[in-house]
Amino acid sequence: MESYAEKLKYIFDNAKVGIAICNAEDNRLEIVNPAFAAIHGYEPHELIGMSPGEVFAPECMLRLSEHESAPSCAINDVAFETTHTRKDGSPVHVSVHITVIKDENGIVKQRIANIQDITEKIKEEAQLRISQEQLSETQIRLSALISTIPDLIWMKDEEGVYLSCNIAYQEFIGLKESELIGKTDYDFYNRESADVCRQSDIEAINAGGISISEEAVTYQKNNSIGVMEIRKAPIFNPDGKLMGVLGIARDITERKLVEQQIEFMAHHDALTELPNRILAKDRMKQSIAYAKRHKTKAALIFIDLDGFKTINDSLGHSVGDVMLKGVTSRLKECLRESDTLSRQGGDEFLIILQDINDLADVAALADKLIQAFEQPFSINNQHLCASASIGIALYPGHGDSFESLLQNADAAMYKAKESGKNTYRFFTAQMNHNILGQFQIQSDLRHGIKNSEFILHYQPQIDLANNAIIGVEALIRWKHPYMGMIPPMNFIHIAEESGLIVPIGQWVIEEACRQAAAWHGQGIQISVAVNISAVQFKRGNLEAVVKNALEHSGLNPKYLELELTESIMMYNVESTLQTVQALKALGVGLSIDDFGTGYSSLAYLKRFAVDKVKIDQSFIRDILTDKEDAVIVQTIIQMAKNLNLKSIAEGVENESVLSIINGYGCDEVQGYHFAKPMEALDFEQYYEDFNRKLIGHK
């Protein structure tokens with residue numbers, strides 16, 4: 001199905017009206033349609049880049065200059081008739097209608113010209129005048145030539161009584177000429193409409209011999225709404241005596257549709273049909289004005305898709321375009337009717353919120369936007385995963401204009417990317433605290449520990465050699481009683497700062513061991529990996545916690561893997577080594593998480609006797625497009641093999657990345673290509689389905 005923009009483009013290209021758009025910055029023709037080029041005897045491409053003065057008559061440029069220098073609103077029109085010169089030097093009589101678009105400062109941004117060839121019309125009007133001079137006062141009739149003109153033509157005396165009309169007018173009004181002559185508009189229209197017509201006739205009579213023009217909305221034969229351009233002029237006999245009014249009407253519905261297209265193209269994105277930056281700026285100004293009047297707040301949300309460049313580059317722009325349309329649909333579902341969703345270009349979107357009273361509502365919407373990307377996009381029988389990094393700026397706290405709010409929302413978005421992506425950030429850390437309050441979060445965390453509000457999600461880990469699920473990574477989620485599901489990046493840093501990460505981390509180890517043991521009882525013989533916080537490692541008596549969790553759950557220690565960051569290894573090396581050795585003595589496995597992003601050396605790998613290195617997803621994400629990342633990944637995998645260590649790649653999101661990782665000899669992988677983190681019951685079903693498919697393939 002064609003989009004509205006595509007339909008308008010078809011009208012633009014096939015319109016009989018000549019249309020040209022001039023860029024005010026360099027005063028050059030930027031866009032012309034075939035009709036405009038034909039009127040002036042050029043091919044369309046010959047006109048692009050020419051200055052208006054090379055095409056338009058000097059009179060035209062002078063009138064436009066006078067018009068633009070006069071005080072006016074942001075968008076205003078000027079219309080007149082003149083004579084242009086074709087490419088071959090021949091004259092062409094034209095009707096010129098120019099729309100001038102200015103910004104709020106009165107600076108011209110664009111000029112849009114509509115041109116009609118009225119050469120034949122001028123000839124016909126000249127013939128009409130000659131005919132009128134030859135006819136007597138009581139025998140004024142339009143010639144046979146006028147009767148064939150498609151424009152509506154009629155003549156009235158100075159009292160408004162019809163004297164004649166052409167065939168086109170008869171067909172339009174639905175009456176024969178004999179039924180019109182001798183009657184007035186009051187015999188056919190309601191009084192209000194007839195009064196308008198009569199007043200227009202009087203204005204034409206009193207116009208000093210020049211024609212006047214106006215536009216009127218009409219109903220066409222198919223009951224659709226059309227627009228007529230009406231011109232009226234007084235008519236005189238050879239002695240100069242007033243005889244009445246001549247009216248000519250032309251259907252300009254098509255021209256109006258073209259103008260609508262130009263307006264739409266100027267303010268909307270062609271792919272998604274969303275408001276573009278120009279319209280978004282206007283909407284933001286309206287939201288700020290509303291907030292000032294009603295003492296409320298407004299927000300500007302900046303959304304940037306994570307990993308979209310990889311999809312676009314690897315699968316092609318056509319797939320990328322389909323995905324952007326899908327993103328647009330999902331974002332719309334999250335918004336109110338009063339909110340504005342805009343595409344800035346590429347994979348960047350803006351959301352404008354007005355009438356905000358509770359800032360927690362903005363945070364709730366941001367969470368909703370993040371959740372909108374949880375399900376993959378199905379395109380051409382492929383399941384493509386994406387996430388979003390979101391920055392938020394608020395009026396009046398973070399700026400009082402579109403530009404300042406956009407700049408600050410953009411900065412906040414980059415903070416979200418630095419925080420691991422797939423999350424949101426307000427412009428300042430202080431604003432994050434103002435929304436929920438750091439003290440309140442700490443208080444809620446304590447209640448959460450007491451009330452068992454935390455749950456674990458599990459992401460499968462796949463052994464590439466056997467194509468089997470050999471483990472899961474346990475990832476914490478906070479099921480807040482009124483904020484809903486909160487991801488770890490929104491509370492872990494506060495838990496670490498407050499020390500609450502120690503009891504939370506203890507619960508994670510205990511719950512992960514309990515669940516793994518329960519799975520073993522069901523025949524699901526897999527290991528479970530748990531991330532260890534640096535604060536927990538330093539302060540949490542980790543050896544005793546792990547030992548207690550293993551004893552209470554009955555889990556074989558070899559099925560528990562503790563993921564340590566490189567920063568843990570580098571802190572107080574001798575003390576860390578003692579703890580690591582104690583953990584190894586328990587029989588648990590150790591891996592280095594996010595390997596390659598810290599400062600580990602081969603000496604430390606050997607000294608701490610880790611079992612596995614986990615390649616950070618920042619290297620995996622761009623492996624298809626970044627040769628350096630590819631070399632780093634390949635080197636880490638080979639190094640692990642040389643040291644008899646296992647290697648696991650996280651963040652594998654598609655088959656192409658999986659194929660490369662497998663080719664490098666990586667042992668294990670995890671990522672959205674296989675599954676997102678899920679609750680225990682969902683994992684059990686996933687495990688069953690995965691093995692069923694595996695058996696089926698065999």
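So, in the stretch 366-385, exactly how many residues are closer than 18 Å to Pro487 by Cα and hydroxyl-bearing (Ser, Thr, Tyr)?
Within the stretch 366-385, residues that are closer than 18 Å to Pro487 by Cα and hydroxyl-bearing (Ser, Thr, Tyr) number 0.
For the stretch 96-130, what are the residues that are of a type in the set (Lys, Arg) and closer than 23 Å to Lys16 by Cβ?
Residues satisfying the conditions are Arg111, Lys121, Lys123.
Taking the condition open to solvent by 90 Å² or more (accessible area, probe 1.4 Å), at pLDDT 80 or above, of a type in the set (Ser, Thr, Tyr) and not in a strand (DSSP E or B), does Ser178 pass?
Against the criterion (open to solvent by 90 Å² or more (accessible area, probe 1.4 Å), at pLDDT 80 or above, of a type in the set (Ser, Thr, Tyr) and not in a strand (DSSP E or B)), Ser178 qualifies.
Please note which helices (runs of 4 or more DSSP H) are completely contained in the stretch 9-114 and include at least 3 residues that are among the small types (Gly, Ala, Ser).
34-39
From the list Glu418, Glu333, exactly one residue is open to solvent by 30 Å² or more (accessible area, probe 1.4 Å) and at pLDDT 85 or above. Which is it?
Glu333
Just name the residue that is most open to solvent (accessible area, probe 1.4 Å) out of those in the stretch 640-674 that are part of a loop (DSSP other than H, G, I, E, B) and within 20 Å of Val528 (Cβ to Cβ).
Among those that are part of a loop (DSSP other than H, G, I, E, B) and within 20 Å of Val528 (Cβ to Cβ), it is Tyr672.
What is the number of the single condition among (1) at pLDDT 75 or above; (2) over 16 Å from Val362 (Cβ atoms) that Arg425 does not meet?
All conditions are met except number (2).
Return the only residue of Ile210, Ile202 being surrounded by fewer than 16 Cβ atoms within 10 Å (Cβ to Cβ), over 19 Å from Asp251 (Cβ atoms), among the hydrophobic types (A, V, I, L, M, F, W, C) and modelled with pLDDT of 85 or more.
Exactly one residue qualifies, and that residue is Ile202.
Which residue pairs have Cβ atoms under 6 Å apart, sit 6 or more places apart or on different chains, and have a first residue in the stretch 384-401 that is in contact (Cβ under 8 Å) with a residue 40 or more places away in the chain and more than 30 Å from Gly307 (Cβ to Cβ) and a second that is part of a strand (DSSP E or B) and open to solvent by less than 10 Å² (accessible area, probe 1.4 Å)?
Tyr395/Ala298
Looking only at the stretch 566-616, how many residues end up being open to solvent by 30 Å² or more (accessible area, probe 1.4 Å), in a loop (DSSP other than H, G, I, E, B) and modelled with pLDDT of 75 or more?
Qualifying residue count, the stretch 566-616: 3.
(1) closer than 17 Å to Tyr686 by Cβ; (2) under 33 Å from the mean Cα position of the chain (by Cα): which one isn't true of Lys479, the others all being true?
Tallying (1) closer than 17 Å to Tyr686 by Cβ; (2) under 33 Å from the mean Cα position of the chain (by Cα), Lys479 fails exactly one: (1).
All but one of (1) closer than 29 Å to Leu369 by Cβ; (2) open to solvent by 10 Å² or more (accessible area, probe 1.4 Å) hold for Ala474, so report the exception by its number.
(2)
Determine whether Ala144 is of a type outside the set (S, T, N, Q), open to solvent by 50 Å² or more (accessible area, probe 1.4 Å), at pLDDT below 85 and under 23 Å from Glu120 (Cβ atoms).
yes
Just one of the numbered conditions (1) of a type in the set (Lys, Arg); (2) under 24 Å from Val652 (Cα atoms); (3) crowded, with 22+ Cβ neighbours inside 10 Å is not true of Arg343; which one?
Condition (2) is where Arg343 drops out.
Does any residue of the stretch 491-511 turn out to be buried (at least 20 other Cβ atoms within 10 Å of the Cβ), outside any helix (DSSP H, G or I) and in contact (Cβ under 8 Å) with a residue 24 or more places away in the chain?
Yes, the stretch 491-511 contains a residue that is buried (at least 20 other Cβ atoms within 10 Å of the Cβ), outside any helix (DSSP H, G or I) and in contact (Cβ under 8 Å) with a residue 24 or more places away in the chain.
Take the residues of the stretch 617-631 that are in a helix (DSSP H, G or I) and closer than 22 Å to Ser419 by Cα: which is farthest from the chain's Cα centre (by Cα)?
Ranking the candidates gives Asp629 first.
Scanning the stretch 237-263 for residues that are surrounded by 17 or more Cβ atoms within 10 Å (Cβ to Cβ), aliphatic (A, V, I, L, M) and part of a strand (DSSP E or B), which turns out farthest from the chain's Cα centre (by Cα)?
Per the criteria, the residue is Met243.
Would you check if there is a residue in the stretch 624-633 being within 22 Å of Leu562 (Cα to Cα), in contact with a Leu (Cβ under 9 Å, 6 or more places away or on another chain) and either open to solvent by 50 Å² or more (accessible area, probe 1.4 Å) or not aromatic (Phe, Trp, Tyr) (or both)?
no
In the stretch 546-565, what count of residues is obtained for those that are closer than 16 Å to Gln578 by Cβ and either assigned to a strand (DSSP E or B) or in contact with a Gly (Cβ under 6 Å, 6 or more places away or on another chain) (or both)?
Taking the stretch 546-565 first, the residues closer than 16 Å to Gln578 by Cβ are 546-547, 562, 564.
The next check asks that each one be either assigned to a strand (DSSP E or B) or in contact with a Gly (Cβ under 6 Å, 6 or more places away or on another chain) (or both); those that pass are 562, 564.
So the count comes out to 2.
Need pairs with beta-carbon distance below 7 Å; first residue of a type in the set (Lys, Arg) and within the stretch 234-262, second surrounded by fewer than 20 Cβ atoms within 10 Å (Cβ to Cβ) and modelled with pLDDT of 80 or more; sequence gap 6+ or separate chains.
Sorted first by the residue in the stretch 234-262, then by its partner, the pairs are Arg250/Asp151.
Identify, by number, the condition in (1) free of Cβ contacts under 8 Å to residues at least 24 places away in the same chain; (2) part of a helix (DSSP H, G or I) that Glu543 doesn't meet.
All conditions are met except number (1).
Has the stretch 525-534 got any residue that is in a helix (DSSP H, G or I), out of contact with any strand residue (DSSP E or B) (no Cβ under 8 Å at 6 or more places or on another chain), open to solvent by 30 Å² or more (accessible area, probe 1.4 Å) and farther than 17 Å from Leu590 by Cα?
No, the stretch 525-534 has no match at all.
I need the full set of residues from the stretch 399-409 which are surrounded by fewer than 18 Cβ atoms within 10 Å (Cβ to Cβ) and not in a loop (DSSP other than H, G, I, E, B), in order please.
At the first step, the residues of the stretch 399-409 found to be surrounded by fewer than 18 Cβ atoms within 10 Å (Cβ to Cβ) are 400-401, 403-404, 407.
Correct list: Glu403, Ser404, Gln407.
Given the conditions (1) among the aromatic types (Phe, Trp, Tyr); (2) open to solvent by 40 Å² or more (accessible area, probe 1.4 Å); (3) touching a strand residue (DSSP E or B) at 6+ places or on another chain (Cβ under 9 Å), which single one is not true for Tyr482?
(3)
When residues of the stretch 1-45 are filtered for being among the acidic types (Asp, Glu) and either touching a residue at least 12 places away in the same chain (Cβ under 8 Å) or touching a strand residue (DSSP E or B) at 6+ places or on another chain (Cβ under 9 Å) (or both), how many remain?
Summing the residues that are among the acidic types (Asp, Glu) and either touching a residue at least 12 places away in the same chain (Cβ under 8 Å) or touching a strand residue (DSSP E or B) at 6+ places or on another chain (Cβ under 9 Å) (or both) in the stretch 1-45 gives 3.
Table: residues versus (1) touching a strand residue (DSSP E or B) at 6+ places or on another chain (Cβ under 8 Å); (2) under 14 Å from Ile352 (Cβ atoms); (3) aromatic (Phe, Trp, Tyr).
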residue: Leu384; (1), (2), (3): yes, no, no
residue: Gly399; (1), (2), (3): yes, yes, no
residue: Ala409; (1), (2), (3): yes, yes, no
residue: Tyr424; (1), (2), (3): yes, no, yes
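How many of the residues making up the stretch 331-371 are more than 25 Å from Ala411 (Cβ to Cβ) and in a helix (DSSP H, G or I)?
Qualifying residue count, the stretch 331-371: 2.
The values are calculated or read from the model by the stated rules, or taken from the named source; none is laboratory data. Small disclaimer: the values here were computed from a predicted structure and weren't measured. Neighbour counts run over all protein chains shown; Cβ positions are idealised from the backbone, glycine included. Surface accessibility is based on the protein's heavy atoms, side chains included, excluding ligands, DNA and RNA. Shrake-Rupley method; radii C 1.70, N 1.55, O 1.52, S 1.80 Å.
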